[in-house]
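Derivation of every value follows stated rules applied to the coordinates shown; laboratory data play no part. Values in this document were obtained by computation on a predicted structure and should not be read as measured data. Positions of Cβ are backbone-derived with ideal geometry, glycine not excepted, and every protein chain shown enters the neighbour counts.
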Amino acid sequence: MDEIDRRLLVAWARRRSEGGGARVGKLKTYERGLRSLSLVLRADDKRIDGLGEGVVGFGGWMEGVEGVQQGVWEVRVDRGVVGRLCGPVRIDWPGVGVAEAAGLFGVNATTVRRWAKAGRVVMEREENRADRKRSGWRVWTRGGVDVGGAVWRGDWWGDAGAGLERLVGEGFEQRLLRTHRCIGSRSVVWRWLCEGCGGWVAKVYRPRRVLTVGAWLGEAAAGERWTGGGFQCRACAGLVYESSERGSRPGKGRRVDVWDRFVKRVSGGVLGGGDVERRGGGAC
């Protein structure tokens with residue numbers, strides 16, 4: 001048991017003895033799911049169409065994006081589908097071609113090239129000395145890639161979001177509606193229908209609850225693994241983006257103390273950053 005563990009347990013016991021109970025401070029606020037602790041399904045994931053017979057079915061016609069009558073497809077999402085679409089994608093060296101890599105990630109080739117510039121994947125030139133016209137690019141990764149989008153992780157959360165797809169229960173199943181609209185003659189934009197608000201969104205999320213000391217002791221409602229029953233839009237899921245908690249410009253009054261937010265979340269609002277000595281991490 002290190003210093004933060006000891007202080008958390010002592011502070012929690014003191015609040016209980018004072019009659020504060022398990023739900024103290026702003027526990028409801030700190031129970032909100034973090035983006036880095038969320039599963040995400042992209043409506044434009046090209047792997048959805050290849051999930052297999054019985055997984056994707058035509059669900060008829062309804063008012064789609066921008067109020068236009070559009071065809072709607074029903075996607076049955078279970079544990080296996082979540083594992084395939086939300087799990088990290090790894091491509092070992094010497095890699096594969098750009099088109100094949102795009103298929104593995106469920107994106108287009110332009111996105112793979114953009115990821116290469118951002119450092120999310122490695123793209124190297126493969127020269128064919130016998131026929132230079134056949135020279136091409138090879139794509140590989142240094143580790144598993146989160147295809148749901150680049151995620152900013154707090155300095156003390158580490159890789160807590162890794163392996164979330166394996167925590168989905170065996171009996172989980174949700175039926176999501178998916179539609180598309182065409183822009184021009186070739187571009188297709190896909191959208192999910194959020195079950196919460198009825199809006200058409202590009203991504204739906206299933207956040208995991210932050211494990212507070214109260215939940216660990218079995219004394220708080222945050223003991224449930226997920227914040228909701230299924231995938232919803234970010235507003236209905238009540239997501240908190242860590243990047244929004246760090247001011248875009250450093251300086252007095254423009255930067256949120258991430259260590260303070262971390263301590264408040266794991267303590268359920270019992271402690272603040274000033275109650276525990278800062279350790280590790282970067283300049284926050």
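Determine the gain in length on full extension of the stretch CYS197-ILE183; use 0.36 nm per residue of separation and subtract their C-alpha separation, reporting nm with one decimal.
On the way: separation 14, 0.36 × 14 = 5.04 nm, distance 2.50 nm.
Fully extending the segment from CYS197 to ILE183 adds 2.5 nm.
Subtracting the Cα-Cα distance of LYS46 and GLU100 from 0.36 nm times their residue separation leaves 18.2 nm of extension gain. Calculated FRET efficiency, ASP92 to ALA118, Cβ-Cβ distance, R0 = 22 Å: about 0.60 to the nearest 0.05. Here the label points at VAL10 and ALA235, each 7 Å from Cα along the C-beta direction, are separated by 4.5 nm in the simple model. Using a simple spin-label model with pseudo-atoms 7 Å out from Cα toward Cβ, VAL68 and LEU167 lie 4.0 nm apart.
Peptides 34-47, 104-117 ranked from most to least packed, by the mean per-residue count of other Cβ atoms within 10 Å: 34-47, 104-117.
What order do you get for CYS197, CYS86 when you list them from fewest to most C-beta neighbours inside 10 Å? Write down the numbers at each step before the final one.
Details: CYS197 12, CYS86 23.
Neighbour counts put them in this order, fewest first: CYS197, CYS86.
From least to most packed, judged by other beta carbons within 10 angstrom and beginning with the fewest, VAL188, VAL122, VAL210 follow the order VAL188, VAL122, VAL210. Each label was represented as a point 7 Å from its Cα along the Cα-to-Cβ direction; for GLU126 and ASN108 these points are 2.4 nm apart.
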